[in-house]
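Novice: Sharing a structure with you now.
The values are calculated or read from the model by the stated rules, or taken from the named source; none is laboratory data. Note that the coordinates shown come from a computational prediction; the quantities given were computed from them, not determined experimentally. Every residue, glycine as well, gets a Cβ built from its backbone with ideal geometry; the counts of neighbours run over all protein chains shown.
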Amino acid sequence: MHHINLITRRGFMERNLKLGLGIALSTLVDIPLVVKRALAANRRERFPQRHHPRRRRRHV
């Protein structure tokens, strides 16, 4: 006999509530400086910025 994997409305709400609380708490956690530097270095490698010389503004 096969069991159908159904989620009840109550189970769905409990799961989403826990997931939402977990995400909310994770945004409040302070990221250590070492991790911030590593993320920034990785971002610079993946998305190098092109150097655009600034245009000189004409003063009227």
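Novice: Can you tell me which of Arg15, Arg55, Arg43 is at pLDDT below 75, among the basic types (Lys, Arg) and out of contact with any Ser or Thr (no Cβ under 9 Å at 6 or more places or on another chain)?
Specialist: On inspection, the qualifying residue turns out to be Arg55.
Novice: Under 8 Å by Cβ, and 6 or more places apart or on different chains, what pairs join a residue from region 2-15 that is free of Cβ contacts under 8 Å to residues at least 60 places away in the same chain with one that is surrounded by 10 or more Cβ atoms within 10 Å (Cβ to Cβ) and β-branched (Val, Ile, Thr)?
Specialist: Once the first residue is free of Cβ contacts under 8 Å to residues at least 60 places away in the same chain and sits in region 2-15, its partners that are surrounded by 10 or more Cβ atoms within 10 Å (Cβ to Cβ) and β-branched (Val, Ile, Thr) give Arg15/Ile7.
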